[in-house]
Amino acid sequence: MAKATFYKVYKKKSTGSFQSIPYVMALSSAALWLYYGFLAHKVLLLTINTTTCVLESLYLAIYLTYASKTDRGRNLYLLTLDYFFKLPNVLGFAFGIVQIVLYLAYKNARKVREEERISNEDTEAEIMGSKSFDVEQAEKHVLGNTTETMQHIAAPEE
């Protein structure tokens with residue numbers, strides 16, 4: 001049907017009484033289904049709606065070529081308005097993909113840090129154990145040095 005309509009528009013070199021609203025709406029609908037096809041990874045939806053977007057864009061280009069100045073301005077306004085609705089969705093889709101990629105890249109980061117911490121604790125325990133570290137002996141050493149220092153400060157040498 002659209003093919004016959006646009007053949008008449010081409011022959012008359014005028015859009016006459018034809019309206020572009022159905023084609024603008026079909027392009028919008030196909031674009032939304034295309035977006036859904038990307039999200040759902042459905043090849044059939046992607047192929048059908050990509051073809052539909054190309055055909056509807058072609059129909060609108062022909063319509064805009066032969067439309068009067070007022071019709072052309074109105075249709076360009078509708079198409080522009082349509083993109084103000086689509087742009088946030090496309091950007092949201094793109095940022096969502098970035099977020100998923102970042103999640104996949106860093107999802108094991110916490111596990112790796114935890115494994116490194118446990119490994120460091122095990123290494124410290126091995127070092128302490130290999131030197132046969134005696135806590136009581138260390139306390140005596142620290143307290144003994146502190147007592148000597150305090151006595152030296154309290155009674156300075158003459």
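The values are calculated or read from the model by the stated rules, or taken from the named source; none is laboratory data. Please read these numbers as outputs of a predicted model, since none were measured by experiment. Don't worry about glycine lacking a Cβ; one is built from the backbone with ideal geometry, like all the others, and counts go over all protein chains shown.
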> Which of the residues belonging to the range 1-13 are in contact (Cβ under 8 Å) with a residue 24 or more places away in the chain and under 13 Å from LEU60 (Cα atoms)?
Replying inline: ALA2, PHE6, VAL9, TYR10
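Per-residue answers, yes or no, for (1) assigned to a helix (DSSP H, G or I); (2) among the polar types (S, T, N, Q); (3) modelled with pLDDT under 70; (4) in contact with a strand residue (DSSP E or B) (Cβ under 7 Å, 6 or more places away or on another chain):
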residue: LEU46; (1), (2), (3), (4): yes, no, no, no
residue: SER57; (1), (2), (3), (4): yes, yes, no, no
residue: ASN89; (1), (2), (3), (4): yes, yes, no, no
residue: GLY92; (1), (2), (3), (4): yes, no, no, no
residue: GLU114; (1), (2), (3), (4): yes, no, no, no
residue: LYS140; (1), (2), (3), (4): yes, no, yes, no
residue: GLY144; (1), (2), (3), (4): yes, no, yes, no
residue: THR147; (1), (2), (3), (4): yes, yes, yes, no
residue: GLN151; (1), (2), (3), (4): yes, yes, yes, no
> So which of TYR77, TYR103, TYR23, TYR7 ends up being surrounded by 12 or more Cβ atoms within 10 Å (Cβ to Cβ) and assigned to a helix (DSSP H, G or I)?
Replying inline: TYR23
